[in-house]
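Down below is the structure, laid out as structure tokens.
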Amino acid sequence: MVYPILPLFITQTLGAPVLAVGVTEGFAEGLANITKLLSGRWSDRISARKPFVVAGYALAAAGKFFLALATAWPFALAGRGIDRFGKGIRTAPRDAMLADFTDAGNRGKVFGLHRSMDTLGAVVGPLVGLGLLQLAGDRLRLVIMLAVIPGIFAVFVLRWLPEKKATHAETKTSERAASAPLPIAFFLLLGATTIFMAGNSSDAFLILRSKDIGLSTTFVVLAYVAYNLVYAALSLPAGIVSDRLPRAWLLALGYVVFGAVYAGFAFVDSTVAVWPLFAVYGAYIALTDGVSKALIADLVPSDVRSTAMGLFQGIAGLMALVASVAAGILWDQVSPRAPFALGAVCAALAAVALVVLALSGAINHRGGDLAV
């Protein structure tokens, strides 16, 4: 409900410049992913996942409440920061918990299903928000406040989330494993992803670019919904395919798709072109999000999976901060096209790096055949 209207809330309701959107989103996502560095390692050390997941979703609801009360963009930055801090606490332990419930032969399917269900919320939410905007006369603040309600329900539902309680001996083993070095293959994958993330600015810039090209607020939200529909529809099939084919190849394909979409946003001026670009963008995220998590789970032992997930997402978050701030500067100082040209170049370089790593055998890349 909140994400597609957030850049409009910051620039229109609060009267801030586009750079403020880049700073807010870069800071928020950077904070989320830096927090994953700590929560992932801590989760492995105490052999517990659920407390982090519950706390993370509770903070996300609190952050939206704070955001709705914002009267200036620094307060919106704080509210968004609280929200994403909650995401940082929960994400790595949650992904490790999902991996704990799988083996190499069905890991892609499980992560794909999770991504698909998560994204259905990102389809329903904007549609509900759009309906509320029509009823409330474009009162963006009211929609953000109402978004707190499903967040509270989500925390309540987590009471039924199961978690195996570790014995004392298992906890000691996990503490020793958490300090063990991660495999070289993991760091090679991290390097390729870092190149990609250098140009992967916040999706808020896609929304602003659509508005800049000429789409109305209603059609911007609907285009975002179309993106999420494609994402939700393709996540599970992409996960299933990754259990049968090399995951690294699917990641490389996803980066190529991303580069094509960003090149499109850099050069098109037609509102008609925005719709297929957003749809294809959904294919990119379906090919990369769950698949990358499944590949990380393949490459590292179970006792350090939360640590690896947190480190991977933490570095990605730092690069997201750099990319989003850079995108805001490029937008204001060079051209609204410039952030997307940069993203296309970085995606192409990262795809080449993944292909080289896969061909050289540096990354064990066949999903169902991987052994930790």
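The values are calculated or read from the model by the stated rules, or taken from the named source; none is laboratory data. Remember, predicted model here, so these are calculated numbers, not experimental data. Cβ: placed from backbone, ideal geometry, glycine included. Neighbour counts: every protein chain shown.
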Taking segment 209-222 and keeping residues closer than 10 Å to P126 by Cβ and not β-branched (V, I, T) leaves L222
(message) Criterion first (touching a Ser or Thr at 6+ places or on another chain (Cβ under 8 Å), within 21 Å of F312 (Cβ to Cβ) and either of a type outside the set (D, E, K, R) or in a loop (DSSP other than H, G, I, E, B) (or both)) does G86 satisfy it?
(response) no
Of the candidates D83, D44, the one satisfying the condition of being crowded, with 23+ Cβ neighbours inside 10 Å and over 15 Å from the mean Cα position of the chain (by Cα) is D44
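Matching residues to (1) touching a residue at least 60 places away in the same chain (Cβ under 8 Å); (2) within 30 Å of V334 (Cα to Cα); (3) hydroxyl-bearing (S, T, Y); (4) touching a helix residue (DSSP H, G or I) at 6+ places or on another chain (Cβ under 9 Å):
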position: P7; (1), (2), (3), (4): yes, yes, no, yes
position: Q12; (1), (2), (3), (4): yes, yes, no, yes
position: V21; (1), (2), (3), (4): yes, yes, no, yes
position: T24; (1), (2), (3), (4): no, yes, yes, yes
position: N33; (1), (2), (3), (4): yes, yes, no, yes
position: S47; (1), (2), (3), (4): yes, no, yes, yes
position: P51; (1), (2), (3), (4): no, no, no, yes
position: F66; (1), (2), (3), (4): no, no, no, yes
position: A76; (1), (2), (3), (4): yes, yes, no, yes
Taking segment 98-127 and keeping residues surrounded by fewer than 18 Cβ atoms within 10 Å (Cβ to Cβ) and in a helix (DSSP H, G or I) leaves D100, L113, M117, D118, L120, G121, V124, L127
All-but-one check, F340 against (1) crowded, with 20+ Cβ neighbours inside 10 Å; (2) at pLDDT 85 or above; (3) farther than 15 Å from V256 by Cα, failing number (3)
(message) Based on this model, can you work out whether G56 counts as at pLDDT 85 or above and in contact with a helix residue (DSSP H, G or I) (Cβ under 7 Å, 6 or more places away or on another chain)?
(response) yes
Checked D303, D269, D289 against criteria (surrounded by fewer than 24 Cβ atoms within 10 Å (Cβ to Cβ), in contact with a Lys or Arg (Cβ under 6 Å, 6 or more places away or on another chain) and of a type outside the set (A, V, I, L, M)); the one match is D289
Of A48, A61, the only residue that is part of a helix (DSSP H, G or I) and more than 23 Å from M197 (Cβ to Cβ) is A61
